[in-house]
Amino acid sequence: MDLEKLLTDRLAPAFATVAGVPVDPVVRRSPRADFQSDAALALARRLGRPPRDVAAEVLEYADLADVCSVAEVSGPGFLNLTVADAVLAGLVSALATDPRLGVPVAAEPETVVIDYSAPNVAKEMHVGHLRSTVIGDAAARLLEWLGHRVLRANHLGDWGTPFGMLIEHLADLGEAEAAHELSMGDLDSFYKAARAKFDADEAFAERSRRRVVALQGGDPVTLRLWRLLVEQSEQYFLTVYGRLDVTLTERDFHGESSYNDLLAPVVEDLGRLGLLRESDGAACVFPPGSVGRDGEPLPLIVRKSDGGYGYAATDLAAIRQRTDALGATRLLYVVGLPQRRHFEMVYAVAAQAGWLAPPARAEHVGFGSILGSDGRMLRSRAGGSVKLVGLLEEAIARATALTRDRNPELGEAEAAEVGRAVGIGAIKYADLSNDRHRDYVLDWERMLSLDGNTAPYLQYAYSRIRSIFRRAAVAARPNATVTLAEPAERALAFELVGFGRVVGEVAEDLEFHHLAGYLYRLAAAFSAFYERCPVLRAEGPVRDSRLVLCDLTARVLRQGLHLLGIRTPERM
């Protein structure tokens, strides 16, 4: 049970009785009591009465005797509420025996499509793909755990004019040699070689242009070469996803090419609905409210003047396919913030066409950039994009070295496994613990620190708890009676019972830094509890109660970090 909701439900009827209309009690945590409501102050202004009198009258009507040990008026008219120890202990006991840790399955499960990662065929994944992949995967994990049907859509860039030169370069190399080169994972070299030939050799460029026509026309040989290019790229992507420990699989690849047959019908239907207008030879829709800086209406180009289709047509086709064929009611697009205007216009047009109608809705899960220590876009020493594989390998190497230094008794294999969990966890947590709307600086020292709001700190808190049970060779008894006599015990208990509320909020707003912040507060509360409340040295029922608190904390940390895609080593 959510304590804030419980207290809100108890206070709301009392406020309504005093006000004559519904009033939000505005219950929140307080440093002066467990919770506080300041709604009486605003209500008093409306009623023209002294705030303390209003607050006192609300308390007279409120049914709080079985929930609060103290409920009193404080200051100018605040309601200070102290939860009864027995109530708080009862909530902790219920969590201890609940495999879902107080987080219910969604009452009305939805089909959710999450569009994320989206690398380009024949190009290596770089640091710019990190945020989409990590945020999208956390959303998929969270919504799936809540019982929704989650469909991952990895929208590959696998079509368009550049594929003429790529296929022609592949043909020049020979299929076997090209497959070998691509399988080595150096996709950038392959792409750059094709680009250099295209720019320097007019005969090659002309052959490349003919290849585009052959590809779009369905030429069997060209299609076979194109599939080889796509398949080798997909194998590389899967290797990266495996290293990053995300849940994307080969079943989730949905290239732009898969929507080709849907593009013409999309444009035809927009025309039939009277939404199309010609602008400089292009077929456009002017969604309401979309204007440029000059105040002129902005067009969404669905068919270019040369008859080709752009991203807008593909995105509209995807929306229609996802709502109609897949029955999705929530569409999430995990794409950088610079694309916000594009998606706003696409959603508006889809709504105009009736393809995005309630209860279906689309959300742009936007995010900022990753910066270097100089505050600029993170770049390699050569000035190019930082390869994602290189970033992951550096994180693992740094974390493994730190693991060996801090815990030399770990075997080589275990140190490597812990290093991988810590390194990858540090990268993911650095991303997810920051407000996704903002840029953040990649700082290795801070990311890998065992102090502060970092993945290693949380992972260490988990492994520290597991060591308690290993040292004592005991297991927690979830059914043991929980008692909360010490302030540090109560503080930890309040954090534990707040897990469900945080998960529910993040499932709606996908602001994962709130979940990360909660886990950090939980770990900090456990650290204070562990320092002030002996566990194994305690005796009898007190020892059993504190073991329940330890075990429950470990379970919540493990589940919360799992939702963020972060592993929890048993030893560090």
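Within segment 74-97, identify whether any single residue is free of Cβ contacts under 8 Å to residues at least 40 places away in the same chain and of a type in the set (D, E, K, R), and answer yes or no. So far as segment 74-97 goes, no, none of its residues is free of Cβ contacts under 8 Å to residues at least 40 places away in the same chain and of a type in the set (D, E, K, R). Per the conditions (1) surrounded by fewer than 23 Cβ atoms within 10 Å (Cβ to Cβ); (2) outside any loop (DSSP other than H, G, I, E, B); (3) without any contact (Cβ under 8 Å) to a residue 60 or more places away in the chain, the sole criterion not satisfied by A507 is (3).
Of all residues in segment 397-420, those that are touching a residue at least 24 places away in the same chain (Cβ under 8 Å) and open to solvent by 20 Å² or more (accessible area, probe 1.4 Å) total 7.
For L332, indicate whether it is in contact (Cβ under 8 Å) with a residue 12 or more places away in the chain, on the phi < 0 side of the Ramachandran plot, within 23 Å of the chain's Cα centre (by Cα) and assigned to a strand (DSSP E or B). Spelling it out, L332 is indeed in contact (Cβ under 8 Å) with a residue 12 or more places away in the chain, on the phi < 0 side of the Ramachandran plot, within 23 Å of the chain's Cα centre (by Cα) and assigned to a strand (DSSP E or B). Looking across R546, R521, R567, one residue alone is assigned to a helix (DSSP H, G or I) and open to solvent by 60 Å² or more (accessible area, probe 1.4 Å). It is R521. Based on what the data block shows, is R555 charged (D, E, K, R), out of contact with any helix residue (DSSP H, G or I) (no Cβ under 8 Å at 6 or more places or on another chain), closer than 25 Å to L432 by Cβ and open to solvent by 40 Å² or more (accessible area, probe 1.4 Å)? Taking the combined requirement at face value, the residue satisfies it.
Checking each residue in segment 96-112 for being open to solvent by 50 Å² or more (accessible area, probe 1.4 Å) and among the hydrophobic types (A, V, I, L, M, F, W, C) picks out V105, A107. Set side by side, the residues R532, R477 differ, and just one is open to solvent by 50 Å² or more (accessible area, probe 1.4 Å), over 22 Å from the mean Cα position of the chain (by Cα), at pLDDT below 95 and not aliphatic (A, V, I, L, M), which is R477. If you go through segment 1-52 one residue at a time, how many are touching a strand residue (DSSP E or B) at 6+ places or on another chain (Cβ under 9 Å), without any contact (Cβ under 8 Å) to a residue 60 or more places away in the chain and not β-branched (V, I, T)? Total satisfying the criteria: 16.
Only one entry in R227, R251, R209 is at pLDDT 90 or above, in a helix (DSSP H, G or I) and within 30 Å of E108 (Cα to Cα), namely R251. For segment 371-381, the condition holds for no residue, the condition being that it is open to solvent by less than 50 Å² (accessible area, probe 1.4 Å), among the polar types (S, T, N, Q) and not in a loop (DSSP other than H, G, I, E, B). Tallying residues that are in contact (Cβ under 8 Å) with a residue 40 or more places away in the chain and either surrounded by fewer than 17 Cβ atoms within 10 Å (Cβ to Cβ) or polar (S, T, N, Q) (or both) within segment 199-212 yields 4. Selection over segment 214-238 of residues that are in contact (Cβ under 8 Å) with a residue 40 or more places away in the chain and either touching a helix residue (DSSP H, G or I) at 6+ places or on another chain (Cβ under 8 Å) or over 21 Å from R420 (Cβ atoms) (or both) gives a count of 12.
Just the residues that are of a type outside the set (K, R), farther than 17 Å from G390 by Cα and in a loop (DSSP other than H, G, I, E, B), please, taken from segment 421-447. Those that are of a type outside the set (K, R), farther than 17 Å from G390 by Cα and in a loop (DSSP other than H, G, I, E, B): S433, N434, D435, H437, D439. Selection over segment 133-189 of residues that are more than 22 Å from R322 (Cβ to Cβ) and out of contact with any strand residue (DSSP E or B) (no Cβ under 8 Å at 6 or more places or on another chain) gives a count of 29. Of everything in segment 161-180 that is under 38 Å from the mean Cα position of the chain (by Cα) and surrounded by fewer than 18 Cβ atoms within 10 Å (Cβ to Cβ), the residue that is farthest from Y309 (Cα to Cα) is H180. The set of residues from segment 124-150 being surrounded by fewer than 19 Cβ atoms within 10 Å (Cβ to Cβ) and within 25 Å of L388 (Cβ to Cβ) comprises G128, R141, E144. Here segment 436-469 is the region considered, the condition is being of a type in the set (D, E, K, R) and without any contact (Cβ under 8 Å) to a residue 40 or more places away in the chain, and the residue that is surrounded by the most Cβ atoms within 10 Å (Cβ to Cβ) is R446. If we scan segment 271-290, do we find a residue that is free of Cβ contacts under 8 Å to residues at least 12 places away in the same chain, in a helix (DSSP H, G or I) and either open to solvent by 70 Å² or more (accessible area, probe 1.4 Å) or within 14 Å of H342 (Cβ to Cβ) (or both)? Looking for residues that are free of Cβ contacts under 8 Å to residues at least 12 places away in the same chain, in a helix (DSSP H, G or I) and either open to solvent by 70 Å² or more (accessible area, probe 1.4 Å) or within 14 Å of H342 (Cβ to Cβ) (or both), one finds at least one in segment 271-290, hence yes. Can you tell me how many residues in segment 44-95 are surrounded by 16 or more Cβ atoms within 10 Å (Cβ to Cβ) and of a type in the set (F, W, Y)? Of the residues in that region, 1 qualify.
In this structure, is S93 modelled with pLDDT under 95 and among the polar types (S, T, N, Q)? Criteria not met by S93.
Residues of segment 184-198 that are farther than 25 Å from S132 by Cβ, open to solvent by 40 Å² or more (accessible area, probe 1.4 Å) and in contact with a helix residue (DSSP H, G or I) (Cβ under 8 Å, 6 or more places away or on another chain): K197, F198.
Annotation note: of Y309, Y241, the sole residue that is buried (at least 19 other Cβ atoms within 10 Å of the Cβ) and in a loop (DSSP other than H, G, I, E, B) is Y309. Could you tell me whether V482 is within 20 Å of D544 (Cα to Cα) and modelled with pLDDT of 95 or more? So V482 passes the test.
The values are calculated or read from the model by the stated rules, or taken from the named source; none is laboratory data. These numbers were taken from a predicted model, which means no experiment stands behind them. Positions of Cβ are generated from backbone atoms using ideal geometry, with glycine treated the same way; all protein chains shown enter the neighbour counts. In case anyone asks, the SASA skips ligands and DNA or RNA and just uses the protein heavy atoms, side chains included. Shrake-Rupley method; radii C 1.70, N 1.55, O 1.52, S 1.80 Å.
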